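Below is one structure, written out as structure tokens; comments come after it.
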Amino acid sequence: MPNPKRRHSKARRGKRRAHDALQVPQPTLCPNCQEPRMQHRVCPKCGHYKGRQVVQVEQT
Ligand SMILES: [Zn+2]
């Protein structure tokens with residue numbers, strides 16, 4: 001098995017992990033009803049996705 005010859009420095013490890021932080025989910029506006037909605041999810045307010053109605057939303 002190939003193995004690292006030398007231990008990498010803490011600075012090098014830290015630089016690699018600089019990109020590892022989790023991102024807060026970024027909501028976008030629904031193009032149908034302009035409500036905030038998660039990307040790649042059916043809009044919870046109007047039930048639209050990709051320009052058409054895909055689920056019926058109950059009006060209460
Ligand atoms: Zn919507």
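The values are calculated or read from the model by the stated rules, or taken from the named source; none is laboratory data. Everything numeric here is computed off the predicted structure, so don't read it as measured data. Reconstructed Cβ throughout: ideal geometry from the backbone, glycine too, with neighbour counts over all protein chains shown. Protein only, heavy atoms only, side chains kept; ligands, DNA and RNA dropped before computing areas. Shrake-Rupley method; radii C 1.70, N 1.55, O 1.52, S 1.80 Å.
Here are the numbers:
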{"read-out": "Pairs with Cβ under 7 Å, 6+ apart, first in segment 2-31 and under 30 Å from HIS48 (Cβ atoms), second open to solvent by 100 Å² or more (accessible area, probe 1.4 Å)", "value": "CYS30/LYS45"}
{"read-out": "Residue list for segment 36-60, restricted to those being assigned to a loop (DSSP other than H, G, I, E, B), within 20 Å of the chain's Cα centre (by Cα) and touching a residue at least 12 places away in the same chain (Cβ under 8 Å)", "value": "GLN39, VAL42, CYS43, PRO44, LYS45"}
{"read-out": "Qualifying residue in segment 17-35 (condition: open to solvent by 100 Å² or more (accessible area, probe 1.4 Å) and assigned to a helix (DSSP H, G or I))", "value": "yes"}
